[in-house]
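The structure under discussion appears below in the form of structure tokens.
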């Protein structure tokens, strides 16, 4: 069962090393999954959507302003024509009854045309006001998002700093443990840790491997009892280093 030799003290330190590696893994998981990361991502997505909407609205506003200018010009052109025709009537420039009738008919037609153009003008104005109103709303929302992002970023940075401090302390403790371990034992531990989800060594407690949480059978337990204290044992089920403790139940 054994291929590497190490003192019982060195083997017990593997459990401390495993605990520190688990702590570092938890801290890294917390760092990657801080809720502030998701909050910032959502804020950025919303801001990008608003940025695109603002660009579309600004283009629409420009089109509507040009459309309004044309509508205003069309209305003004008809008004001017009506004004000229009425002026001719007022000063008595038209003497022929037929010409008078044609002029009055033209004024009536122009008045209807003016009414239609003013409806178009009003519709354009309403659409322009709606676009400008939405632009203002989008601008206000983007300003609010920027303020929220600043606050969330500050919270995230505080959390990252705290996690970095905790990780630094755990890494220092890990380095102190590693410095005491034999190279061949560390090499085996690291290889197994890479193969088994970050857990390279586990304690044997009450006849059960704490790595896979399976109870060892009588044959395996007898082999462990007979093994030299310096033998580095492996769990027959999960193949992690199996560390004997006072609670092993041997």
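The values are calculated or read from the model by the stated rules, or taken from the named source; none is laboratory data. Model, not experiment: these values are computed from the prediction. Because the Cβ atoms are built from the backbone with ideal geometry, glycine has one as well, and the counts that use them run over all protein chains shown.
Quick check on this structure: which one of 47, 19 is within 24 Å of the chain's Cα centre (by Cα), over 30 Å from residue 108 (Cα atoms) and surrounded by 14 or more Cβ atoms within 10 Å (Cβ to Cβ)? Lay out the reasoning, then the answer.
Working: 19 fails: within 24 Å of the chain's Cα centre (by Cα).
Going through 47, 19 in turn, just one is within 24 Å of the chain's Cα centre (by Cα), over 30 Å from residue 108 (Cα atoms) and surrounded by 14 or more Cβ atoms within 10 Å (Cβ to Cβ): 47.
Residue-level check: of (1) closer than 21 Å to residue 245 by Cα; (2) in contact (Cβ under 8 Å) with a residue 12 or more places away in the chain, residue 186 misses just (2). Counting only residues that are free of Cβ contacts under 8 Å to residues at least 40 places away in the same chain and not in a helix (DSSP H, G or I), segment 151-183 holds 1 of them.
What are the residues in segment 27-44 that are under 28 Å from residue 178 (Cβ atoms) and exposed (fewer than 15 other Cβ atoms within 10 Å of the Cβ), if any? Result: 28, 29, 32, 33.
Output the residues belonging to segment 195-207 that are surrounded by fewer than 18 Cβ atoms within 10 Å (Cβ to Cβ) and either modelled with pLDDT of 95 or more or more than 39 Å from the chain's Cα centre (by Cα) (or both). Result: 205, 206, 207.
Report whether or not residue 24 is surrounded by 12 or more Cβ atoms within 10 Å (Cβ to Cβ), under 30 Å from residue 231 (Cβ atoms), under 26 Å from the mean Cα position of the chain (by Cα) and assigned by TED's automatic domain parsing to the domain that holds residue 232. Here the answer is yes, as residue 24 does meet what is asked. Quick one: is residue 62 assigned to a loop (DSSP other than H, G, I, E, B), exposed (fewer than 12 other Cβ atoms within 10 Å of the Cβ) and either modelled with pLDDT of 95 or more or more than 60 Å from the chain's Cα centre (by Cα) (or both)? It is false that residue 62 is assigned to a loop (DSSP other than H, G, I, E, B), exposed (fewer than 12 other Cβ atoms within 10 Å of the Cβ) and either modelled with pLDDT of 95 or more or more than 60 Å from the chain's Cα centre (by Cα) (or both).
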